[in-house]
Amino acid sequence: MGNLEQYLNDDSLHDIDHLVKMAVLHFQFESIHPFYDGNGRTGRILNILYLVLKGLLDIPVLYLSRFITHNKADYYQYLQAVRDTGAWEPWLLYMLTGVEETARESIVLIREMRELMQNTRERIRTYKFYSQDLLNNLFRHPYTRIEFLQQELNVSRPTAASYLNQLAKDGILIKHKQVTSHYYVNQPLFELLSRL
C-alpha cells in the first residue's frame, strides 16, 4: 500500500500519461486487494478520483463501472495476464478503451439530459410558479419530494405540494405514495439514467 500511495502522489517516479498511470494504479490496488469486500467498487472510484485529482475531469462523472462489469471476463483475463506474464499492453489498452467508450457514452447522455431539460423548461415555462430553481430541482435527481422543493425554493409545504401536484397532474412528473409521504419521479430523466 505504501508503494501504491507513493506512486499515486509522486509524478516524478514515472513520466507517463495520467490515463496510463490510472490503469497501473488500478492494477496495483486490485492486486493488493486490501479489503475483505468492495475492492472492485473502491478501485473504480479511485480511478475517477485520480482523474479529478489530475485535472482530467472537473467532476467525477466518468462511470467506468459499467464498462468493466459489461466486459468482466476480459477485465479479469487482462488483470491476471499482467500478474502471470507481465502482459501490460492488453491491460492498458483495455482500460484506455474503457475510458474512451465511457467518455463517449457520457457525452451522449449529457446532451440528451440537456435536451430533456430544455424541453421540460419549455413545457413548464408558462406556469406562474416556474423558476430556474424549480427546473434545477427536477433534474438534480430523478425524483423529488415536497420537502426538497420546500427547502430549495424557500416556500411553504402546501405551496411546494401544490407545485408538485400540478406538475404530476400535467404529466411532467409521476406521483408515487410511499407510506405516509409522496415522491415525484421525473420519468424521462429516470429512463435516461437507467441506461447506465
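The values are calculated or read from the model by the stated rules, or taken from the named source; none is laboratory data. Please read these numbers as outputs of a predicted model, since none were measured by experiment. Reconstructed Cβ throughout: ideal geometry from the backbone, glycine too, with neighbour counts over all protein chains shown.
Note on region 1-54: residues that are modelled with pLDDT under 80 and surrounded by 15 or more Cβ atoms within 10 Å (Cβ to Cβ) total 4. Just one of (1) in contact with a helix residue (DSSP H, G or I) (Cβ under 7 Å, 6 or more places away or on another chain); (2) closer than 30 Å to Q187 by Cβ fails for Y94. It is (2). In region 6-28, the residues that are touching a residue at least 24 places away in the same chain (Cβ under 8 Å) reach residues that are among the small types (G, A, S) with C-beta atoms within less than 6 angstrom, at least six apart or across chains, in these pairs: H26/G43.
Each residue in region 10-48 was checked for being hydroxyl-bearing (S, T, Y) and within 14 Å of S65 (Cα to Cα), and 1 pass.
So, in region 162-189, how many residues would count as being outside any helix (DSSP H, G or I), hydrophobic (A, V, I, L, M, F, W, C) and over 18 Å from S131 (Cα atoms)? The qualifying residues number 3. When the test is whether a residue is closer than 30 Å to N186 by Cβ and touching a residue at least 12 places away in the same chain (Cβ under 8 Å), T120 passes it.
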